[in-house]
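Written out below as structure tokens is the structure these notes cover.
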Amino acid sequence: HQWFQVHLLAGLEDVEMVLEVGPNLGLVTALLVNAGFDVTTLDVVPPQHGLSGVTHIEADLRNVEPEVFSGFDCILCCETLEHLPWEAVDDVLARFAASAVPHLIVSVPYQGFQLDARLYLNAYRLRQCFAFKKLNFLRRFRPDDDPQGHHWEIGYRGRSLAAFEAKLEAAGLTVERRDFTSPTRSVFYHLGRR
């Protein structure tokens, strides 16, 4: 999942300066720095990564003006939007769209209908993995007790993929690329502007 973020960035031309929103402990930040990107992080809490040379902006994403994003080649906002109330996501996406940043990569948890089956076998080891997600669209998502936890996830009642993509479109964003990851089960978007 973390490597996929770097993979998506590596496939984009002319991306050097990246704003990583919601870096948590800094695993992706470290991967990006090691891959040669100039990274700035943005989060509501002080930096948790301890990486020297990485600038950090401490701010609530819901209050950041689009001008703050200027100068970056890409905004990377992965596994962060679900920590905001569903209704607040519209304004954040509109702020991203209003910025002059050429690339926007977003990912959110995807719990829609899906089947993942894997088998690994060699002369010394047998390993299997099976995951089957179904019927979440009939249930409401139950938020974490932690106020910083997930408020919603795609695939539950009222939070369909189509509903999230309608938010993207209403904000003035277009889907350039959409990918699903497994077994972490997220949906990734490379977004452009209308």
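The values are calculated or read from the model by the stated rules, or taken from the named source; none is laboratory data. Every value quoted in this text rests on a predicted model; they were computed, and no experiment measured them. Note: ideal-geometry Cβ built from the backbone for every residue, glycine included; neighbour counts use all protein chains shown. For the accessible areas, the whole protein counts, side chains as well, though only heavy atoms, and no ligand, DNA or RNA atoms are used. Shrake-Rupley method; radii C 1.70, N 1.55, O 1.52, S 1.80 Å.
Which order, highest average first, do 52-59, 70-77, 126-133 follow once you tally other Cβ atoms within 10 Å for each residue and take the mean per peptide?
Details: 52-59: 12.8, 70-77: 19.8, 126-133: 10.2.
Packing order, densest peptide first, comes out as 70-77, 52-59, 126-133.
So what is the relative contact order for the chain, in percent, with contacts set as C-alpha pairs under 8 Å and at least six apart?
RCO, the chain: 18 percent.
Report the residues of segment 173-189 in range of a label on Asn24: point 7 Å along Cα→C-beta, backbone N strictly under 13 Å from it.
Under cut-off, by backbone N: 184-186.
For a quick check of understanding: with a 1.4 angstrom probe and all protein chains in place, what accessible area in square angstrom does Thr40 have, to the nearest ten?
10 Å²
Rg over Rh of segment 70-183, using C-alpha atoms and the Kirkwood radius, what does it come to? Don't skip to the end; give the middle numbers.
Numbers: Rg = 17.1 Å, Rh = 16.1 Å.
That ratio is 1.06, to two decimals.
Taking a temperature of 37 °C and a viscosity of 0.692 mPa s, what whole-number D in µm²/s does Stokes-Einstein yield for the chain with Rh from Kirkwood over alpha carbon pairs?
186 µm²/s
At 1.4 Å probe size, with no ligands or nucleic acids counted, give the accessible surface of His103 in Å², nearest ten.
Surface open to solvent at His103 totals about 40 Å².
Where both residues lie in the chain, what percent of DSSP beta bridges are antiparallel, nearest 5?
Once the DSSP bridges in the chain are tallied, antiparallel ones form about 55 percent.
Using only Cα atoms, what is the ratio of the radius of gyration of segment 1-104 to 2.2 N^0.38 Å?
Cα Rg divided by the expected 2.2 N^0.38 Å: 1.00.
Need one number: nm distance between label points at Val45 and Ala162, each 7 Å from Cα along Cα→Cβ, rounded to one decimal.
Output for this residue pair reads 3.7 nm.
Where in segment 95-115 is the amide nitrogen less than 17 Å from a point lying 7 Å along the Cα-to-Cβ axis of Arg177?
Correct set: 102-108.
Tell me what the chain gives for mean residue ellipticity at 222 nm when only DSSP H runs of n ≥ 4 count, each as -39,500 (n - 2.57), the sum divided by the residue total, rounded to 500 deg cm²/dmol.
-5500 deg cm²/dmol
For a test of the definition: using alpha carbon positions, the gyration tensor, and the 1.5 limit on a/c, classify segment 49-109 as rounded, prolate or oblate.
Details: a/c = 1.58, a/b = 1.22, b/c = 1.30.
Oblate, since a/c reaches 1.5 and b/c is not below a/b.
For the chain, modelled as a GNM with alpha-carbon contacts under 10 angstrom, which of Ala100, Ala35, Ala117 fluctuates the most?
Result: Ala117 has the largest fluctuation of those listed.
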